[in-house]
Amino acid sequence: MDAFTTHTGTVAPLRRSAVDTDQIIPAEYLKRITRTGFEDGLFVAWRTNEPDFVLNKPEFADASILVAGPDFGTGSSREHAVWALMDGGFRVVISSRFADIFKNNSTKAGLLTVVLPQAEVEALWAAAEADPTTQVTVDLVTKQITYGATTVPFEADDYTRWRLLEGLDDVGLTERHLADVEAYEAERPAWLPKALPSLPA
Amino acid sequence: MPKTLAEKVYDAHVVRSTPGEPDLLYIDLHLVHEVTSPQAFDGLRAAGRTVRRPDLTMATEDHNVPTLDILAPIADPVSRAQVEALRRNAAEFGIRLAPMGDRDQGIVHVIGPQLGLTQPGMTIVCGDSHTSTHGAFGALAFGIGTSEVEHVLATQTLPQYRPKQMAVTVEGELAPGVSAKDVILAVIAQIGTNGAAGHVIEYRGSAIEALSMEARMTICNMSIEAGARAGLIAPDRTTFEFLRGRPHAPQGADWDAAVEYWSTLRTDEGATFDTEVVLDASTLTPFVTWGTNPGQGLPISERVPDPADMADEGERRAAEQALAYMGLTPGTPLTEIEVDTVFLGSCTNGRIEDLRVAAEMLRGKKIDPGTRMLVVPGSVGVKDQAEAEGLDRVFVEAGAEWRGAGCSMCLGMNPDQLKPGERSASTSNRNFQGRQGKGGRTHLVSPSVAAATALTGRLTAPADLIGA
Ligand code: SF4
């Protein structure tokens with residue numbers, strides 16, 4: 001995973017709530033077996049059918065910080081939603097509330113999700129709409145967002161922040177505790193089910 | 001200290017706990033399907049890792065599989081490549097796979113319980129948000145992303161933060177024609193599509209205890225539609241009887257030891273929940289969705305809501321966007337909405353009991369000539385059972401299409417899709433824009449509302465049919 005320390009870019013104001021993962025990337029775009037190349041599916045229905053969809057506007061086409069309404073990423077567990085956003089050039093998503101699995105997936109892939117109060121989301125929307133070139137800096141080291149004369153603090157739990165700052169891979173971290181896993185396995189009841197061998201239904 | 005059921009299962013699986021870090025949880029069963037796994041296996045290969053516990057891992061093909069001509073090679077080359085990747089990965093890493101045509105094949109959340117692999121007190125994960133289905137057995141079961149799939153394959157564990165606890169208590173008796181689907185749609189309408197974020201929901205109360213395992217699975221299945229990390233129900237005699245004799249259920253002395261343990265899996269007196277929601281079952285009626293998320297639902301006797309009446313600006317905007325997409329006018333009675341397609345199936349309502357309920361209503365009748373009805377059993381096991389009971393003939397004689405097992409029109413990764421502007425009544429779990437096909441419009445319903453709707457061609461309550 002790529003490390004995330006700080007990022008500066010412009011904002012795409014997505015004034016929608018409960019943006020579900022089927023909107024971020026529909027099922028027909030999930031058939032690829034690689035981990036990249038999902039940008040063609042990103043918000044494809046809205047990009048195709050709605051001329052004034054925010055990402056269809058040239059002034060927001062290069063945005064790298066997506067600021068969305070509450071409950072972003074509800075629905076499916078598809079990590080493809082995170083990959084599609086990253087393939088589409090986004091490094092940060094800001095919302096007042098995220099769906100759990102989406103938030104989890106983003107930290108694994110190196111996309112930063114930042115929770116801000118809805119009033120701060122509205123302020124960012126207004127700033128980006130007033131001037132789409134507004135440069136916004138999201139700093140995970142100081143846990144602050146700055147644009148113009150505004151500075152907004154945000155919360156990030158220490159462990160996740162450390163992983164992102166260092167770009168650490170979870171599997172490698174867990175492998176350090178293999179002895180604990182083995183000790184746990186030794187105590188599991190023998191009657192717990194096993195998928196192998198296959199038994200006739 | 002008194003604990004909730006979910007806390008008991010969680011605590012029993014903590015491999016390692018250190019302040020300031022997530023807990024490391026052991027995973028008892030890892031279910032795998034073709035869509036969310038290829039990149040995880042690639043990750044293993046790239047790092048030179050193996051699957052730590054192939055014996056606790058089971059794979060199936062479900063999302064992409066055609067429901068017609070299932071023994072022919074998949075026509076869509078991209079779908080075929082994904083299924084073939086799973087076959088290669090399963091062979092290379094020594095994982096049991098139920099491929100198309102296999103007697104154990106089916107939707108991942110249908111086959112786990114069917115084989116008896118899903119048992120009380122277990123931790124179960126899958127790269128699929130509806131893994132919450134397995135919570136019906138008193139298991140802690142949740143959906144994960146592909147990076148986490150890779151983590152579980154490599155280590156059989158997952159870093160987790162302790163979830164918050166929510167109780168959804170449903171007391172009283174459901175009226176005839178009102179089902180588990182209506183209960184969960186009513187719950188989601190009440191708490192919202194992400195209202196249970198960060199929580200595990202325990203469903204409890206007399207109405208829940210009275211439900212069959214199939215109905216409990218329907219409820220737990222849609223926990224994710226309320227944003228919950230998982231949903232579960234305390235195991236009881238109904239659970240044990242369902243499991244007894246299934247291929248992977250314990251036997252003999254093991255069975256007794258298991259039942260003894262399973263019987264301890266209930267929320268202790270005095271345990272506290274962070275959030276509590278209470279519903280009176282006797283007030284519930286059949287529910288349908290009118291919008292584009294599962295929280296936008298109403299009793300079927302109501303009318304399409306008017307966004308102008310909504311005080312909250314976000315809610316109003318969402319309703320306006322939903323109605324524009326759905327092609328609906330405020331004030332229209334929901335029962336006047338005409339549908340093109342009825343879909344009976346999915347991991348929410350594709351089990352044998354769901355097919356029985358619908359078949360009973362269709363027996364000896366003909367569906368509306370302008371309406372297409374697709375019946376897709378959740379697994380080959382369900383299909384075989386339904387055919388043994390003659391349900392396939394009931395459906396076909398009524399004018400419905402009887403298909404092979406898979407996810408099918410729940411998400412339209414196979415050829416079963418709505419066309420732009422087409423409208424469905426669907427027993428699945430998501431009415432998101434384009435979920436069942438580009439431009440398709442979905443109304444979520446129970447199996448009995450689906451059958452009633454197929455007969456009339458418009459959204460119909462089972463009770464109205466009897467009166468008609
Ligand atoms: S039936 Fe639908 S919800 Fe269930 S696993 Fe398949 S695609 Fe997902």
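The values are calculated or read from the model by the stated rules, or taken from the named source; none is laboratory data. Quick caveat, the model's predicted, so the values are computed rather than measured. Cβ sites come from the backbone with ideal geometry, for glycine too, and all protein chains shown count toward neighbours. When the accessible area is computed, the model is the full protein with side chains, heavy atoms only, and any ligands, DNA or RNA have been set aside. Shrake-Rupley method; radii C 1.70, N 1.55, O 1.52, S 1.80 Å.
Given the residues A:ASP22, A:ASP2, A:ASP40, which is the only one that is more than 11 Å from chain B (Cβ to nearest Cβ), assigned to a helix (DSSP H, G or I) and under 30 Å from B:ALA46 (Cα atoms)?
Details: A:ASP22 fails: more than 11 Å from chain B (Cβ to nearest Cβ); A:ASP2 fails: assigned to a helix (DSSP H, G or I).
The match here is A:ASP40.
Before we move on, is B:ASP340 in contact with a strand residue (DSSP E or B) (Cβ under 7 Å, 6 or more places away or on another chain), open to solvent by 10 Å² or more (accessible area, probe 1.4 Å) and either free of Cβ contacts under 8 Å to residues at least 24 places away in the same chain or within 13 Å of the ligand (Cβ to nearest atom) (or both)?
Taking the combined requirement at face value, the residue does not satisfy it.
Take the stretch B:247-268 and flag every residue that is open to solvent by 40 Å² or more (accessible area, probe 1.4 Å), without any contact (Cβ under 8 Å) to a residue 60 or more places away in the chain and either within 19 Å of B:GLY295 (Cα to Cα) or within 14 Å of another protein chain (Cβ to nearest Cβ) (or both).
Hits for the stretch B:247-268 are B:GLN251, B:GLY252, B:ALA253, B:ASP254, B:ASP256, B:ALA257, B:GLU260.
Please list, ordered by first then second residue, the pairs with beta carbon atoms under 7 Å, 6 or more apart or interchain, first in the stretch B:205-233 and closer than 18 Å to B:VAL382 by Cα, second aliphatic (A, V, I, L, M) and not in a helix (DSSP H, G or I).
Pairs found: B:ARG216/B:ILE233.
Going through the stretch A:5-19 one residue at a time, which ones are more than 7 Å from chain B (Cβ to nearest Cβ), crowded, with 22+ Cβ neighbours inside 10 Å and part of a loop (DSSP other than H, G, I, E, B)?
The answer is A:VAL19, and nothing else.
Looking at B:GLY381, B:GLY370, which is the one that is within 16 Å of the ligand (Cβ to nearest atom) and modelled with pLDDT of 95 or more?
Exactly one residue qualifies, and that residue is B:GLY381.
Which one of B:ALA324, B:ALA398, B:ALA405 is open to solvent by less than 20 Å² (accessible area, probe 1.4 Å) and within 14 Å of chain A (Cβ to nearest Cβ)?
On the way: B:ALA324 fails: open to solvent by less than 20 Å² (accessible area, probe 1.4 Å); B:ALA398 fails: within 14 Å of chain A (Cβ to nearest Cβ).
Just one listed residue meets the conditions, B:ALA405.
Applying the selection to the stretch B:129-154, what residues are over 19 Å from B:ALA167 (Cβ atoms), assigned to a helix (DSSP H, G or I) and within 16 Å of the ligand (Cβ to nearest atom)?
B:SER129, B:HIS130, B:THR131, B:THR133, B:HIS134, B:THR146, B:VAL149
Out of all the residues in the stretch B:398-424, which are outside any loop (DSSP other than H, G, I, E, B) and within 16 Å of the ligand (Cβ to nearest atom)? If you could, list the steps in order and put the result at the bottom.
So the first thing to find is which residues in the stretch B:398-424 are outside any loop (DSSP other than H, G, I, E, B), and the list is B:398, B:401-402, B:408-410, B:423-424.
Answer for the stretch B:398-424, where residues must be outside any loop (DSSP other than H, G, I, E, B) and within 16 Å of the ligand (Cβ to nearest atom): B:SER408, B:MET409, B:CYS410, B:SER424.
Checking the conditions here, which among A:GLU28, A:GLU59 is charged (D, E, K, R), within 16 Å of the ligand (Cβ to nearest atom) and either at pLDDT 95 or above or part of a helix (DSSP H, G or I) (or both)? Spell out the reasoning first.
Working: A:GLU59 fails: within 16 Å of the ligand (Cβ to nearest atom).
Testing whether each residue is charged (D, E, K, R), within 16 Å of the ligand (Cβ to nearest atom) and either at pLDDT 95 or above or part of a helix (DSSP H, G or I) (or both) leaves just A:GLU28.
Could you grab me the full set of residues in the stretch B:159-200 that are more than 14 Å from B:THR285 (Cα to Cα), touching a Leu at 6+ places or on another chain (Cβ under 8 Å) and within 14 Å of chain A (Cβ to nearest Cβ)?
Residues satisfying the conditions are B:PRO159, B:GLN160, B:VAL200.
Give the number of residues within the stretch A:62-80 that are facing another protein chain (nearest Cβ under 9 Å) and either within 16 Å of the ligand (Cβ to nearest atom) or over 15 Å from the mean Cα position of the chain (by Cα) (or both).
7
Out of the residues in the stretch B:413-439 that are touching a helix residue (DSSP H, G or I) at 6+ places or on another chain (Cβ under 6 Å) and within 9 Å of another protein chain (Cβ to nearest Cβ), which is surrounded by the fewest Cβ atoms within 10 Å (Cβ to Cβ)?
Filtering the stretch B:413-439 for residues that are touching a helix residue (DSSP H, G or I) at 6+ places or on another chain (Cβ under 6 Å) and within 9 Å of another protein chain (Cβ to nearest Cβ), the one surrounded by the fewest Cβ atoms within 10 Å (Cβ to Cβ) comes out as B:GLN433.
Out of A:PHE154, A:PHE90, A:PHE98, which single residue is facing chain B (nearest Cβ under 9 Å) and either farther than 21 Å from A:ASP2 by Cα or under 20 Å from the mean Cα position of the chain (by Cα) (or both)?
Being facing chain B (nearest Cβ under 9 Å) and either farther than 21 Å from A:ASP2 by Cα or under 20 Å from the mean Cα position of the chain (by Cα) (or both) holds for just one of A:PHE154, A:PHE90, A:PHE98, which is A:PHE98.
Can you confirm whether B:SER448 is in a loop (DSSP other than H, G, I, E, B) and of a type in the set (Ser, Thr, Tyr)? Please lay out each step first, then the result.
Working: in a loop (DSSP other than H, G, I, E, B): no; of a type in the set (Ser, Thr, Tyr): yes.
So B:SER448 does not fit the description; no.
Just checking, how many residues over the stretch B:324-375 are part of a loop (DSSP other than H, G, I, E, B) and acidic (Asp, Glu)?
Filtering the stretch B:324-375 for residues part of a loop (DSSP other than H, G, I, E, B) gives B:327-332, B:337, B:339-340, B:345, B:350-351, B:363-371.
Next, only the ones that are acidic (Asp, Glu) stay: B:340, B:368.
Result for the stretch B:324-375: 2.
Being away from chain A (no Cβ under 11 Å) and more than 28 Å from A:PRO26 (Cα to Cα): is that true of B:SER448 here?
On the way: away from chain A (no Cβ under 11 Å): yes; more than 28 Å from A:PRO26 (Cα to Cα): yes.
So B:SER448 passes the test.
Considering the stretch B:45-65 alone, what residues qualify as being away from chain A (no Cβ under 11 Å) and surrounded by fewer than 21 Cβ atoms within 10 Å (Cβ to Cβ)?
B:ARG45, B:GLY48, B:THR50
Listed residues B:SER17, B:SER37; which is in contact (Cβ under 8 Å) with a residue 24 or more places away in the chain, small (Gly, Ala, Ser) and more than 23 Å from B:LEU374 (Cβ to Cβ)?
None of the other options fit; the residue is B:SER37.
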